[in-house]
1. Under a point spin-label approximation (7 Å from Cα along Cα-to-Cβ), what is the Arg192-Thr573 distance to one decimal in nm?
2. Please report the orientation-averaged projected area of the range 57-123, defined via the convex hull of its C-alpha atoms, in nm².
3. Do the sum for the chain: with -39,500 (n - 2.57) for every DSSP H run of n ≥ 4, divided by all residues, what is the mean residue ellipticity at 222 nm, to the nearest 500 deg cm²/dmol?
4. Using a cut-off of 10 Å between beta-carbons, work out the net charge of the residues near Thr268 (Lys and Arg +1, Asp and Glu -1, Thr268 not included).
5. Return the distance in nm (one decimal) between the two label points of a simple spin-label model at Glu543 and Ser518, each offset 7 Å from Cα along Cα→Cβ.
6. Between His505 and Ile480, what length comes free when the chain is fully extended (0.36 nm per residue of separation minus the Cα-Cα distance, one decimal in nm)?
7. Would you mind putting 503-512, 468-477 in packing order, based on average other-beta-carbon counts within 10 Å, highest first?
8. Would you list Lys72, Lys372 from the most to the least accessible area, probe 1.4 Å?
Amino acid sequence: ASFPLLCFRSPLVTPLIFGLLLLAPLIQPSSITQPNFVLLLADDLGIGDVGCYGNDTIRTPNIDRLAKEGVKLTQHIAAAPLCTPSRAAFLTGRYPLRSGMDAVNEYRVIFWNAGSGGLPPNETTFAKILQHQGYSTGLIGKWHQGVNCESRNDHCHHPLKHGFDYFYGMPFTLISDCQPAETPEMDRAFRRKLWFSTQVIGLVTLTAVLGRLTGLISVHWKTLTCLAGFSLLFFISWFSSYGFVRYWNCIMMRNHGITEQPMVTDRTTSLILKESISFIERNKNRPFLLFLSFLHSHTPLLTTEKFLGRSRHGLYGDNVEEMDWMVGQVLDAIDKEGLKHNTLVYFASDHGGWLERQEGKRQLGGWNGIYKGGKAMGGWEGGIRVPGIFRWPGVLPAGRVIDEPTSLMDIYPTVVHLAGGAVPQDRVMDGRDLLPLLRGAAAHSEHEFLFHYCGAHLHAARWHQKDTGAVWKVHYVTPIFSPPGAGACYDRGFCPCFGEGVTHHEPPLLFELSQDPSEARPLSADTEPLFDTVIRKVGRAIEEHRRTLTPVPQQLSVSNVVWKPWLQPCCGTFPFCWCDQEGDS
């Protein structure tokens, strides 16, 4: 069709063609073979903590620059409101329920490096497909998808078994227990109960011994010996795990080897940044995937001295600003190597900010802006709506904002297709290729429905009514906030998914998110003419969705999450596990 124009020699045509070329500077993705991918995933970062999403007090110039130079998603949804299941969905492009990585009990994440649960070997991550496409693949930072299955070194859940050529970071997740001066965080309420039970049993034993010695109680010494033995065994049974959390969970690994046990938190940030930049430099001459999984901004909020006291939001704000600086350092490394125009950069958070995380008057968790709820809440927007930014200069339009429902699971097919691979055809995939939407070739998201789980319990679902632009959100179960009206479960520390801590709604709660994003005004059959229609439509979609679910082993069952000493990663002779290879070097 352009041939006649080129042959037509009118003096008006040449400047016209030149002007049209200036108006269409975006490169077709098909002309770029195998771009690089840098995936930046924050930990526990609230959508309200970032400048380009409305925060005007925490400084995030580098993340904001990504949005200015790329595409910002305003309805980017995590598949789960907690680390382990959300990251499993991100890596596999599937709801975590499909891989057994969401829980039917209260243990909703992997609790120990020495547990046997984790991302199943039969799951195919996007890293594994890119590896087969000739990419160099690296994971720097947090994993939290398990380590071993049956023995200390089988590493069946390890990143290197899931498509990554290189791994440096924490196989677990950062917790306050990793810093000796901090108040223990892991299973805090349960630990208090164990301590109390130990004291009660010890007191009973001591009272019985004193009673026997003074003649007040007639009891055989054999019985007292058995009681004392039981007291000791009970104490050892739990203190052998919970008493050494810092040694068992707070470790750093490089590939299959342990480099720090326990980790030296003062240098963790600088090492993770150094490893990330080094990976880019080593692989600049071949296609690569770098998944930088930040330890920021999870408690205990490891922050270097350079950033302490810089923000207006205490330690949490300092930590977020340091993470933003790290993002800038990675972007500078990409620019330095001349890779900017051949690299797709993505930034997101694994779920919403942790509202309940406080120590005294210090707020140590994030802020979710105008959205109700937060971390651990599978239905409310604050738990699952996260930042989502893509930058690829010359391919994606700069400054574009997309207000369409998208998912962290969409990264999988998007990355795989751009790398020239194919998504698995032998399983249900829940992610959708975002490239047409990001480039403006498609007006709407491919997601008509998204399902919002809290553990293995369906709490809510949304329907994107594309012909009208409405986004209907139906809540079947919501957590009971404590104290009442507080907006979170401050008395518990986490909102539960089931039991006495939730309310089942019949009829369900209905919100129209495009008009009420804060979910403040529930609709009813009296106020919304389409109420019954929407409830029926979403109900049928849930029935169809449930027909696609098949039984799988529960990776977060109690038997899989408990501490097993024979599975404990150890850089010495168990139980004498201690090493510091970074310090030696």
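The values are calculated or read from the model by the stated rules, or taken from the named source; none is laboratory data. Quick caveat: nothing in here was measured; it's all calculated off a predicted structure. Here Cβ is always computed from backbone atoms with ideal geometry, including for glycine, and neighbour counts include all displayed protein chains. Remember, those area values only see protein heavy atoms, side chains included, never the ligands or the DNA or RNA. Shrake-Rupley method; radii C 1.70, N 1.55, O 1.52, S 1.80 Å.
1. Distance between the two pseudo-spin positions: 4.1 nm.
2. In nm², the orientation-averaged hull projection of the range 57-123 is 7.2.
3. It lands at -9000 deg cm²/dmol.
4. Net local charge, Thr268 excluded: -2.
5. In this crude label model, Glu543 to Ser518 measures out at 3.7 nm.
6. Answer, rounded to one decimal: 7.8 nm.
7. The packing order, highest mean first, is 468-477, 503-512.
8. Descending accessible area places them as Lys372, Lys72.
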